[in-house]
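Below is one structure, written out as structure tokens; the observations come after it.
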Amino acid sequence: MFPGVAVVTGAAGTGMGQAIAKAFAGEGCNRIAITDINASLLDKTAAEIKEKYAGVQVLAHAGDISDHEFVDGFFTLVVEKFGRIDYAVNCAGIMGNNQSSTDTSLDDFDKITNVNYRGCWLSSRAELKQMVQQEPLESHDGRPGERGSIVNIASQLGIVGRPRAPAYCASKSAVIGMTRCDAIDYSEHGIRVNAICPGIIATPMTTGSSSIVDERTHEPILSILSIIVETAIRLRRDGHKVVIVSSGAIAVGLKRMTIPKRPKHLAQVQVSFGSNWTISLMSIWDSLFGHMDQPVAQVLLTRNDIADRTQYLNAQNTLAECLSFGVIPIVNENDTISVSEIKFGDNDTLSAITAAMVNADYLFLMTDVDCLYDKNPRAFPDAQPITVVEDIDRLQADVSSKGSALGTGGMATKITAARLATAAGTSTIITNSSKPGNISNIIHYLHPDTSSANGISSPAPNVPPLHTRFLPSATPIRSRAFWILHGLHPHGSIYIDRGAAAALSTHAGLLPVGIVAVTGTFAQQEAVRLIVVDRTKMGSLSPRADTTLEGSISTFSQPAMEFIDYDNGEEIGRAVVNYSSTEVARIRGLRSKDIASVLGYADSEYVAFRENVSLREHANAGSRASRPETPAPQTPTKAASRTPDASISDLRDLHISKEEEGSRTPNAGHITPAAETPAASEV
């Protein structure tokens, strides 16, 4: 896809530059040059690329891109090593101070302008000098070749202003203006110059009941709440967008209602919540933020709010508008009207879905320990912290924390939430709820160029606070696919074979021929689980097998049998279906052309269109063979001692009645005639 040479500036740390450098390697570019002022983090980026992508050559050279001698020397090294420059992404930049013009010193102004504008111009100029004198690179898809392509990373704040950021906004506006001019000047040379104006990092935080409410007295822990407010304000001033997902309303309600413990009956829970949330916990949040002149907004959600696509988009737009106006949304599950069928179940799941809705860069899950450990640290003093998790499926950690008496979550739910959030491309961090200030310290460690809240750029900590960071997926699930996979409540399950699963992974729709079984009751346009199972042909129970001798007439024939391994079925995704459960059960195993003859109509040849199917990441990866090797049919060795009547009796014993099917799911190792099409209620 990218046969040329790529250059990325600002490629250290965990920000956009690093992600772009890795993306080039992932898309097939095997010659990459990177630079950044932070030498140690730059070397780390280079090492990670080489480790993950074999054969990729990486030139890493640290330095200050606002220094013209360094810039000229760096690009000379690139050309000497790789011979040319074909793709350049200029990412290096700093936020600088958070002060108005009259409070901004000349040194601060020069530093911001030198890195953001002068550095970008010096890099772009050096890239253009090389590109105009090199031959066009042959394209991979037959289009006319080009001499190069440059992308300058500007900012939305280069288009619209923001309080206390005149130097930053002006520097990014300059980048946009420079890009427009260069795009005109160098188009005749076959060089494309563009700018991207991304938003700033969105950072949702989630706090559980036991984090902000005393488990014994049910009183809000004002010291913790105050630190959370201070942390959120600091992040806002550093240029981040913040969403708080908070529980604790029921816990506060217990105090106001003088109820000793969390009720078990739904109506009692709703009373303790509904009569107190607005006037109690939200008023505390509003009061604390009010002292800092920070507006907040309450957002209440149920699963029904995201199960409907229109309501999901409305909620997403509401959160986006809050953030655009500088408002901090405080999200909570609407326990006042929720019933068990439409509840998220725990604050962690709600926070992961919220993070996906706002396309957050980070999700912080606050708990009662510093991080994940390989063993329970309370019982084993030698327990080792787990600081980075690249693959959740390989995670071996202690999850003995079951949640508090006030809350519904625990460490297991946080790992589940991390799985949801990282699948959507959000880095997820578990840290101690008693130290909310860790959040800004961790962000500052991961983004060392971000200034502190007082406007003075302080060095990033060499060692961050103890935490566990789950790395985001390299191929995140976005928007509609995430909504289908995690927003909709499944009403049943469709069991499919390996061939159907392989077809789905190549972006084909779900056809009835690959469906093995159906459970549950669902209507058209409702969500179902997709579960892949293995099916193995076993031959016939007939003593004469499935064939007849040449020239003879068979007096007894039975279809071949197959073994279906339901016990080891694997859920690979979700789908919104075109047919009801009854209809799918009748047409399963059939070719699409036979649907009309069985149902009397054919709304579609697909049981589910591909755009209505969302697969989990491991399912898309194709880690297993598309279809297992099928053994050749064999005749039972003891068939000679049996009669045709006995074989027919065996088939009758295996038959599942319609009355039984209403209360059971597919059995492990169920044997069914391979050529038989069972009735609607049979599996």
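Every read-out reported here was derived from the displayed coordinates using simple, explicitly stated rules and does not represent laboratory data. Here the structure is a predicted model, which is why all the values come from computation and not from measurement. Here Cβ is always computed from backbone atoms with ideal geometry, including for glycine, and neighbour counts include all displayed protein chains.
Here are some notes:
- Exposure proxy ranking, count of Cβ atoms within 10 Å, fewest first, for 285, 483: 285, 483
- Pairs from 50/241; 50/375; 50/435; 241/414 whose Cα-Cα separation, in the structure shown, is over 25 Å: 50/241; 50/375; 50/435
- Range of Cα positions in region 6-196 per principal axis (Å), largest first: 53, 39, 28
- Relative contact order for region 6-196, counting Cα pairs under 8 Å that sit 6 or more residues apart, in percent: 18
- Exposure proxy order (Cβ contacts within 10 Å, fewest to most) of 427, 433: 427, 433
- Put simply, when 240-246, 60-66 are sorted by average Cβ atoms within 10 angstrom per residue, most first, you get 240-246, 60-66.
- Neighbour-count ranking [beta-carbon atoms within 10 angstrom, fewest first] of 86, 382: 382, 86
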